[in-house]
Amino acid sequence: MSIRSPIVRFLSTQQKLVCQNSSISQNSYVDLSQWYYEALKTSASQKSKFATKKIHAQIVSSGLYSSTFLQNHLINAYSSIGLINDAVRVFSETEFRNVFSWNTMISGLADSGLMKEAEKLFDEMPDKDSVSWNSMMSGYFNNGKVRDTIKMFVLMVRDCCCVPDLFSFSCAMKACASLGYVKLAFQLHGLVTKFEFRGGTSISSSIIDMYIKSRALDYAERVFSRISDPNLFCWNSMIYAYSKFYGLDMALDLFNRMPERDVVSWNTMISILSQHGIGEQTLTMFVQMCSQGFVPNSMTYASVLSACTSIGDLQWGAHLHARVLRMVPNLDVYVGSGLIDMYAKCGWLEYAKQVFSNLKEQNEVSWTSLIGGVAQVGCEEEALEIFRKMREVPVASDEFTVATVLGVCSSLKDKSLGEQLHAYAKKIGVGSSVPVGNALVTMYAKCGSVQTANHAFDLMPVKDIISWTAIITAFSQDGNVKKAREYFDNMPERNVITWNSMLGTYIQNGFWEDGLKLYILMLRRQVKPDWITYATSLSACSYLAVMKLGNQIVAQAEKYGFSSDVTVLNSVVTMYSRCGRIGDAQKVFESIITKDIVTWNAMMSGYAQSGQGRKVIEIFEEMLKLGFKPDHISYVSILSGCSYSGLVPEGQYYFNLMTKCHGISPTCEHYVCMVDLLGRAGLLEQAINLINDMPLEPNAAVWGALLGGCRIHGNTELAEVAVSNLINIDVADSGSYVLLANLYSDSGKLEGVLDVRKLMRERRNKEKSRLQLD
C-alpha cells in the first residue's frame, strides 16, 4: 500500500480537481501535463499496471488525450511495464506523431523482443535521428542479433543525414566484441578517430573492452597506456584481460598499481584468485577488501564461498554464512546456491539441504547446486532422487542441470540412464548446447562407448576447448593414442589444459618419449606450462630415467614459480628415486613443507625400489605419527619394501594391519608383494596357502611371483601349479614356459625340459591354426 500511495494520492487530487471544475481553464495546460507526466513516470518505475491505466483514463476524461507529449509518455509507460499492446494502441491513436513518438515505440517493441515489428516501424519513419538508429542497434544486440547490429551501424554511417554518436559506437563495439572480429575492431577504432571521439574516456573504455574480447590485448594495452587518467572501468577490464592472457601474477601486479579501486575491482581480483584455485589468497583478499571499508555484494560472496569449497574450509564458509545472514536482508539465490555447493562438497549435506529449504526462490540454479554438491561427495543415487523431485515440483531444467545429471551418470557408468537424459535434453531444447554436448561425450566415454562419444562430438553444432579436450580424453581412455593426436592436431585453438590432456594421453599409454617431444613442442609454441604440465613431464622422465632432461624441467618449474607446488615436488621425488638418486629424493622430500599422502608414498616407493625396507618402515611410522591416513598405495610400498629386504615378520604384520586398523581390503598388488616376500624367503607352502585363501581371483602377477620363488628355491612341483594357472590366464605368454624349462634344467630334470618344449610347440601350432581360420 505504501508503494502505491503517492500515485493514489495524486489520482485522488486529480479527481477532485476534475469534479470541482469541468473546465481545465483554472489549471494551466502545462501544469496539468507536468502532473500527469510525473504520475506516469512514477507508475512506470513501480511497474504498476493499475495506476498506469487509471492515469490513462484521467488523461482522457480531462480532455488532454490529444496531447502528443502525454501520448508519448503513455507509450513509454505501457512499454516499461510490459503492456506492449496498449502502447501500440496509443501510438496508433496518436495523430501528430513526432520523432520521439516513433523512437519510443521502436524501443518498446525492441525491448519486448518484437524486432520484426520494430523493423517495420523503423522503415516507415518519415524522419530518423541518431536515437532511431541507436534504438534499432541496441534492440538487435539485446535480442542476440549481433550481426544485425553491425549491419545497422554500417547503414547509419552510410546515411548522410545522420552522424553516429558515442552510443552508436558503443553498440557497434559491443557487437564486435561479441563476435571477436579483430579486423572489424581496427575499422571501428579508425572511425572513432575520424569522427573525433578519441579524446573521451568513455569511448576509450569501449575500445579497450572491444580489443580484449577480440583477443587483441596488445592493442588494448596501447590504448590504455595513452589515457592520461584511465577510469575504473579501464583498470578493471585490463586486470581481467591480464588474468586471461598473462596469468595471475601480472593481473595481481596491475591490481596493486591501481590509484583507486571500487567494489568491481575487488570482485574482479577475488574472482580471478578463486577461479585459479588459490583459496587462501582469495580469503586474504576478501579480508583486505572489508578492512578498507568496501561492502561486499552477492558476486563477492559467491566467489569467496567458491574458494572455501575448493580448499574445504568449512569454518570459513560457516563464518561467511553468518555474515551474509547479518548483512544481506534477503538471501540472493546465487549466494544461496554458493552456500549449498559449499556445505554439500564439504560433506555437510543436512546444512546444504537446510539452506536450500530456506531459500525464498528455488530456481534451477539452486536445484542444480544441490544436485551437483550431493553427487560430488559420492551420493549419486540421492542426487538422482533430488533431480526427480525437481521435475515433480516442477522447475524447468536448464542446460547446466542436464549436464550435472549427466555427470552423475558418468560416475555411475549408467549408460541406459545417460541415454534417457540424452533424449530428455533434446525434448526440452538443450540437446545442442555446449555444456550438454561436453557432458554427453564424457558420459559415453566413461561408459565404454567411445564410438558413441565420437558421434555425439561430431553432432555438436558448436564446440569449445572443453569439447575437444573431452574427446581427446575419451580416445586416451580407450588406448587410441593415434586418434587422440589426430583430434588434437585438428583443434582450432588450444590452451594449456588441452596440451596437458594430450601429454597425459602419451604418458598413461606408455609413450613417454612422444610425451616429452610434445612438451618440447609446447614450449616452442610459447604455451606457458602449469603444475600439471611439469608433474606429467617429470613422470615421463621417471619412466625413462633421463636425469638431464628431468633437471631441465625442474629448473623451468622453479623459473615459473612452481618450485613449491607439492604435486610437482612429488614428481621430482619419484624421478630422483627411479633414477637411483635416492639421496637427492630425500632432500626434496624434506624440503616439502606441506606434505600430502602422495608425498609420503613417493618417498616410501623410492626406498622400496632401492631395497631399503627398514627405511620404508621408518617413514611409514613417521607418517602415522603425524596423523596421515595410509591408502592402498602406501601399503604396496611398505610390503614391497619388506619383500625386497626379506623382512617376513614385518611384512606379515603390516599386511594384517592394513585390514584391521585402516579398513583397506587387499588387492592383487598387495598379494603379489606378500607372495613375493614369502617366496623369496622359501616359505612356498605359506605362499600357495595365501593364494588359495584369496577372496579375489589371482591374476598373472600373483602366479608369476610364486613361480619366481619356486625358481629361487628349485621347487618344481609348485612351479608346475603356477605355470598351469599362468597358461590358463594367458596362453600366448611364453615367458612362463621358459621359466619352468629353466627350473627343470637347473634341477637336472631333462625330461621335464623336453616336455615343456613340446608343450610350447603344441601351443604355438594351435595359435597359428586359429589365426589361419580367422
Requested in this report: Taking the Cβ of residue 443 as the centre, find all other residues whose Cβ is under 15 Å away and add up their charges (Lys, Arg: +1; Asp, Glu: -1).
Outcome: -1
Query raised in the report: Could you give the distance between the Cα centres of the stretch 398-436 and the stretch 596-647, to the whole Å?
Result: 43
Requested in this report: Determine ³J(HN,Hα), in whole Hz, for all residues of the stretch 124-141 in sequence, where each value follows from phi through the Karplus function 6.51 cos²θ - 1.76 cosθ + 1.60 and θ = phi - 60°; x replaces Gly and Pro.
Outcome: 7, 4, x, 9, 10, 10, 4, 5, 4, 5, 5, 4, 5, 5, 5, x, 4, 4
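Compute the signed sum of charges (Lys and Arg +1, Asp and Glu -1) over the other residues within less than 15 Å, Cβ to Cβ, of residue 600. Could the numbers behind the result be given before it?
Details: positive: 595, 615, 625, 629; negative: 590, 596, 618, 621, 622, 631.
Here the count lands on -2.
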Report task. Set Lys and Arg Cβ to +1 and Asp and Glu Cβ to -1, take the dipole of the chain about its Cα centre, and tell me which of 579, 301, 626 lies farthest positive. Result -> 301
Report task. Within the stretch 596-614, which residues have the backbone N less than 18 Å from the label spot 7 Å out from residue 632 along Cα→beta-carbon, could you tell me? Result -> 597-598, 601-602, 605
Requested in this report: Please get the size of the charge dipole for the chain, origin at its Cα centre, with Cβ charges of +1 on Lys and Arg and -1 on Asp and Glu, quoted in debye to the nearest 20.
Outcome: 1180
Query raised in the report: How much length, in nm to one decimal, is gained on full extension between residue 257 and residue 100, taken as 0.36 nm per residue of separation minus their Cα-Cα distance?
Result: 51.9 nm
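Where does the charge balance sit around residue 380 when Lys and Arg score +1, Asp and Glu -1, over other residues with C-beta under 12 Å from its C-beta? Could you put the intermediate results ahead of the total?
Numbers: positive: 413; negative: 381, 382, 385, 414.
Taking every Cβ under 12 Å from that of residue 380, the sum is -3.
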Query raised in the report: Which one of 182, 156, 210 has its Cα pushed farthest toward the positive end of the charge dipole of the stretch 149-233, where Lys and Arg give +1 and Asp and Glu give -1 at the Cβ?
Result: 182
Query raised in the report: Quick one: 726, 188, fewest Cβ neighbours within 10 Å first, how do they rank?
Result: 188, 726
**Report entry** Calculated log₁₀ intensity ratio I(q)/I(0) where the Debye formula runs over C-alpha points of the chain, q = 0.10, 0.11 Å⁻¹
**Finding:** -1.32, -1.52
**Report entry** Separation of the residue 327 and residue 451 label points, Cα + 7 Å toward Cβ, nm
**Finding:** 5.7
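Explain nothing, just the number: relative contact order of the chain, from Cα pairs under 8 Å at least 6 residues apart, as a whole percent. If you can, show how the numbers build up before the last one.
Numbers: 991 pairs, mean separation 23.9, N = 774.
RCO, the chain: 3 percent.
Of 517/548; 587/625; 213/244, which ones are farther than 19 Å apart at the Cα?
Details: 517/548 15 Å; 587/625 21 Å; 213/244 11 Å.
From 517/548; 587/625; 213/244, over 19 Å: 587/625.
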Query raised in the report: So what's the angle, to the nearest 10 degrees on a 0 to 90 scale, between helix 613-625 and the longest Cα principal axis of the chain?
Result: 40
Report task. Work out the length of the dipole vector of the stretch 569-725 about its Cα centre, built from +1 on the beta-carbon of each Lys and Arg and -1 on the beta-carbon of each Asp and Glu, and round it to the nearest 20 debye. Result -> 480
**Report entry** Within straight-line cross-link reach of residue 53, lysines at Cα separation under 24 Å, skipping those fewer than 8 residues along the same chain
**Finding:** 16, 41
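Does the stretch 151-234 come out rounded, prolate or oblate, given a ≥ b ≥ c as the square roots of the eigenvalues of its C-alpha gyration tensor, rounded meaning a/c under 1.5 and, failing that, prolate meaning a/b above b/c? Provide the component values of the computation, followed by the final result.
Numbers: a/c = 2.10, a/b = 1.39, b/c = 1.51.
Oblate is the answer for the stretch 151-234, as a/c is 1.5 or above yet b/c matches or exceeds a/b.
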Query - the stretch 279-431, relative contact order [Cα under 8 Å, separation at least 6], % - result: 15
Requested in this report: Within 10 Å, count the other beta carbons around each residue, average over each peptide in 435-444, 405-414, 491-500, and list them highest first.
Outcome: 435-444, 405-414, 491-500
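Bear in mind that the values in this text are calculations on the coordinates, not laboratory data. Bear in mind the structure is a predicted one, so any value in this text is a computation, not a measurement. FYI the Cβ positions are ideal-geometry reconstructions off the backbone, even for glycines, and counts take in every protein chain you see.
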